[in-house]
1. Can you tell me which of 106, 124, 117 is surrounded by 17 or more Cβ atoms within 10 Å (Cβ to Cβ) and either in a loop (DSSP other than H, G, I, E, B) or in contact with a Ser or Thr (Cβ under 6 Å, 6 or more places away or on another chain) (or both)?
2. Determine which single condition residue 163 fails, assuming it passes every other condition in (1) more than 30 Å from residue 291 (Cβ to Cβ); (2) modelled with pLDDT under 95.
3. Within segment 196-215, does at least one residue satisfy the condition of being part of a helix (DSSP H, G or I) and more than 20 Å from residue 120 (Cβ to Cβ)?
4. When both residues are 6+ apart or on different chains and their Cβ atoms are under 9 Å apart, which pairs have a first residue that lies in segment 128-150 and is in a strand (DSSP E or B), and a second that is surrounded by 10 or more Cβ atoms within 10 Å (Cβ to Cβ) and among the charged types (D, E, K, R)?
5. Of the residues 258, 194, which is within 30 Å of residue 271 (Cβ to Cβ), of a type in the set (A, V, I, L, M, F, W, C) and surrounded by fewer than 19 Cβ atoms within 10 Å (Cβ to Cβ)?
6. Does residue 243 satisfy being polar (S, T, N, Q), over 20 Å from residue 138 (Cβ atoms), in a loop (DSSP other than H, G, I, E, B) and outside the structural domain of residue 176 (by TED's automatic domain parsing)?
7. I want to confirm something. Restricting to segment 273-288 and keeping residues that are hydrophobic (A, V, I, L, M, F, W, C) and modelled with pLDDT of 90 or more, which single residue is surrounded by the fewest Cβ atoms within 10 Å (Cβ to Cβ)?
8. Taking the options 51, 101, 73, name whichever one is out of contact with any strand residue (DSSP E or B) (no Cβ under 7 Å at 6 or more places or on another chain), assigned to a helix (DSSP H, G or I) and either among the small types (Gly, Ala, Ser) or at pLDDT 95 or above (or both).
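The values are calculated or read from the model by the stated rules, or taken from the named source; none is laboratory data. Predicted, not measured: the structure shown is a model, and the values here were computed from it. Counting neighbours? That spans all protein chains shown, and the Cβs are built from the backbone with ideal geometry, glycine included.
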Amino acid sequence: MNKVLSISVAAYNAADCLDKCVKSLVNNQVADKLEIIIVNDGSKDATAELGRKYQAEYPNSVVFIDKENGGHGSTINASLKVATGKYYKIVDSDDWVEKAGIEKLVTALEESDADLVLNSFYNVQEESGEKTYRSVFESQDPQLRAAKTLADIKDAYNPVMHGSTFKTQVLRDCHLKIDEHCFYVDNEMMLYPLPYIKTVQVLDFPVYDYLIGSVGQSINMKNMIKNRAQHVHVIEQVARYYTDQVTDPVVSEIYLRLLQKIINKQYQIFFTMDSKQAKGELLDFEEYLQKHAPAIYRQVPEMIGRKGQVISFNRRTGYKFYGLTLNILKPLMK
């Protein structure tokens, strides 16, 4: 049977959570239409054994890949190479899907020919289990449900992996290659295919349960400061890609909306750090943008809100008073 949907499950030291994820994917009425690609990313626990166990138990649905550690991007690259489904979706090993949601999604995908299919999803608090409904749109305009192209959603679409399913051929057409050994590459996953998306379909039901609130998550600010070089690297990659590849104004508007968010987060990292330590890194970052993505460099002060006051002043003064201006203006940025 031809598979409707390939699901890439990145599994690194996931022995404690993988069962919940996989069971949510196989305990439904559409499991035979799913290709669940579990990619063990060099785990040091029992993840590999579990992956082989699931493949043996569900041979018509589960594909297991065992590889050396390479980060989340490497699992996407590995699974995309073998994916046979008409569509492709990513589900992290500590997340899971709604039974009704995945069944309705697969039914819709069988009939769809859209390049990008969008769904709502749930944020789930790790400690309390409380679920919050989330949309991929920043607006509740009901007309968005009838969208057929990126132009129809350009003013409201917020690209997030949890609400996105791509036509597999589109990812291959754009020669998708995600950075390896790097956090924050979900931004690359969402941005690189955009110039190749011609049609969209919006489904008005949640599919994905996204676990939040873990101290170990890469988006925790302490971890972001620790891993800031990787965050900078991803921004530099997608900013350069924007400069070199994005020409369509609709794609540009959506691209810049997400880029604005991650650039804003990067300046928040710089401003949270000790100013002496951060100054050199910030100057290197700005120099890269000015050289390789000048249009974005010029827009940074507008992109980052009140923090832009610090940047604008210091650009004019050659960053001679960076520590002083940061201390003075910090209360305005809260």
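1. Only one candidate qualifies: 117.
2. So the condition that residue 163 fails would be (2).
3. Yes - at least one qualifying residue is present in segment 196-215.
4. From segment 128-150, the pairs are 131/209.
5. Criteria check complete, one pass: 258.
6. Answer is no for this residue.
7. Checked segment 273-288; the qualifying residue surrounded by the fewest Cβ atoms within 10 Å (Cβ to Cβ) is 283.
8. Details: 51 fails: out of contact with any strand residue (DSSP E or B) (no Cβ under 7 Å at 6 or more places or on another chain); 101 fails: out of contact with any strand residue (DSSP E or B) (no Cβ under 7 Å at 6 or more places or on another chain).
Result: 73 is the single residue among 51, 101, 73 that is out of contact with any strand residue (DSSP E or B) (no Cβ under 7 Å at 6 or more places or on another chain), assigned to a helix (DSSP H, G or I) and either among the small types (Gly, Ala, Ser) or at pLDDT 95 or above (or both).
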